[in-house]
Amino acid sequence: MGVFATVLAYGVIQSAPKAHAETVSNSPDVISSAHHKTNRADTYYVIPPKNFDPQNASDAELKTFGFPKRPKDSKQLLSWKESMKHAKKFVVPTFTNTNKVNAQYTYTSPNWSGYEQEEYSTHQFDDVESKWTVPSVSSSKSNTDSSAWVGIGGDSSLSSTWKLIQAGTEQDKGSSSTNYYFWHEELSYSAGNPEVKVTSIACRPGDNVLVSVSYSSGDVHYFLEDTTLNTYTQFTVTNKSAYYKGNSAEYIMERPEIGNSYSYLANYDFTSFWGARASYSGSSTMYTPGEWSSNGHILDKLNMNDGNLLTSTGTLYSKDFTNDAFGVTWQGYH
């Protein structure tokens with residue numbers, strides 16, 4: 001995928017029961033921050049207590065169990081509560097590699113569409129999130145791909161030594177089937193890692209999802225929720241400082257790379273992002289794209305164009321917060 005992602009950080013991996021691809025029905029009654037291994041050596045998760053309610057949890061408990069932090073702003077708090085009330089079924093994360101890479105952004109944007117908040121000063125973005133509706137690609141022609149995501153970094157026009165952490169949903173049309181799934185990825189100018197599919201939690205066309213990526217002390221934390229299905233997962237990928245540069249935060253629809261070439265963009269027709277916001281290290285405030293711009297910072301609007309317009313990005317409007325939402329419209333395969 002492209003360059004981006006949001007994260008929360010925890011501690012050192014400890015031994016634990018083998019991960020399994022199903023929701024947890026035997027969550028502990030006693031709060032425990034034990035780190036449980038996944039089928040990837042660098043990734044762990046923390047099991048929330050039985051009947052855990054994030055809306056009534058303390059800030060410390062939210063951090064321990066990998067939930068997005070509770071906003072201070074009253075409007076953002078209402079939106080957060082609406083998302084958290086759907087976090088009813090924790091799914092143990094399991095993973096498998098794919099053959100897709102979400103490449104960095106260049107100034108001409110042949111692969112990204114959406115919005116990017118830029119930061120040139122001493123601030124570094126360390127938290128980003130958004131909601132969107134998973135689009136259907138059932139009417140697309142075969143062997144086409146699309147990726148919706150949020151992330152931190154990845155803009156090679158800001159730095160030749162770009163780095164990116166990101167997570168989102170994939171919407172692909174194969175030769176005989178369509179595929180929809182959550183994924184995450186960490187990559188940089190010197191090391192490209194393929195997109196990692198999260199195999200244990202489902203998403204479907206038409207579902208609303210929330211994706212959060214945050215970074216702390218070398219670790220990246222991901223929170224993935226399907227608010228339509230009332231399911232969520234969270235996990236931390238450790239020792240990823242080589243993939244973090246907090247000079248930008250993004251909300252993107254992308255066509256990924258396969259075999260070092262851009263894929264054909266799947267016909268997703270249209271989808272909406274909303275609840276888009278990001279914060280930087282040391283700040284308790286999360287800024288929407290519109291708020292970031294109105295505070296005198298740089299905000300880029302990106303239209304995917306490789307000589308032909310592939311995706312057009314709409315004007316910001318207010319949905320959950322002030323100027324937190326926009327739509328992206330498919331225009332062509334390549």
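Suppose we keep only residues that are β-branched (Val, Ile, Thr) and under 13 Å from the mean Cα position of the chain (by Cα) within segment 135-159. Which one would you say is farthest from Asn179 (Cα to Cα)? The qualifying residue farthest from Asn179 (Cα to Cα) is Ile152. Tell me, please, whether a residue that is in contact with a helix residue (DSSP H, G or I) (Cβ under 7 Å, 6 or more places away or on another chain) and modelled with pLDDT of 95 or more can be found in segment 137-160. Checked segment 137-160: no residue is in contact with a helix residue (DSSP H, G or I) (Cβ under 7 Å, 6 or more places away or on another chain) and modelled with pLDDT of 95 or more.
Only one entry in Asp207, Asp219 is surrounded by 16 or more Cβ atoms within 10 Å (Cβ to Cβ) and closer than 12 Å to Lys131 by Cβ, namely Asp207. Filtered by the rule that a residue be of a type in the set (S, T, N, Q) and at pLDDT below 95, segment 161-172 gives a lone residue, Thr161. Just one of the listed residues (Lys131, Lys63, Lys81, Lys75) is modelled with pLDDT of 95 or more, of a type in the set (D, E, K, R) and assigned to a helix (DSSP H, G or I), namely Lys81.
Of the residues contained in segment 260-268, none is found to be modelled with pLDDT of 95 or more and surrounded by fewer than 19 Cβ atoms within 10 Å (Cβ to Cβ). Quick check: is even one residue across segment 80-101 touching a residue at least 60 places away in the same chain (Cβ under 8 Å) and touching a Leu at 6+ places or on another chain (Cβ under 6 Å)? Yes, segment 80-101 contains at least one residue that is touching a residue at least 60 places away in the same chain (Cβ under 8 Å) and touching a Leu at 6+ places or on another chain (Cβ under 6 Å). Checking each residue in segment 237-259 for being touching a Leu at 6+ places or on another chain (Cβ under 7 Å) and crowded, with 24+ Cβ neighbours inside 10 Å picks out Tyr243, Ser248, Arg255.
Residues in segment 277-312 that are touching a Leu at 6+ places or on another chain (Cβ under 9 Å) and under 18 Å from Lys131 (Cβ atoms): Thr288, Pro289, Gly290, Trp292. Collect the residues in segment 92-125 that are modelled with pLDDT of 95 or more and surrounded by fewer than 24 Cβ atoms within 10 Å (Cβ to Cβ), keeping them in residue-number order. Result: Val92, Thr94, Phe95, Thr96.
Can you tell me which residues in segment 43-92 are in contact with a helix residue (DSSP H, G or I) (Cβ under 8 Å, 6 or more places away or on another chain) and β-branched (Val, Ile, Thr)? Selection gives Val46 alone.
Residue check: is Val137 under 18 Å from Lys240 (Cβ atoms) and β-branched (Val, Ile, Thr)? In short, no. Scanning segment 161-190 for residues that are part of a loop (DSSP other than H, G, I, E, B) and more than 20 Å from His221 (Cα to Cα) returns Thr161, Gly174, Ser175, Ser176, Ser177, Tyr189, Ser190. Is it the case that Thr178 is closer than 24 Å to Leu316 by Cα, over 11 Å from the mean Cα position of the chain (by Cα) and not aromatic (Phe, Trp, Tyr)? No, not satisfied. Every test in (1) within 27 Å of Lys245 (Cα to Cα); (2) of a type in the set (S, T, N, Q); (3) in contact with a helix residue (DSSP H, G or I) (Cβ under 8 Å, 6 or more places away or on another chain) is passed by Thr227 save one, and that test is (1).
The values are calculated or read from the model by the stated rules, or taken from the named source; none is laboratory data. Keep in mind that this is a model prediction, so the values were computed, not measured. Counting neighbours? That spans all protein chains shown, and the Cβs are built from the backbone with ideal geometry, glycine included.
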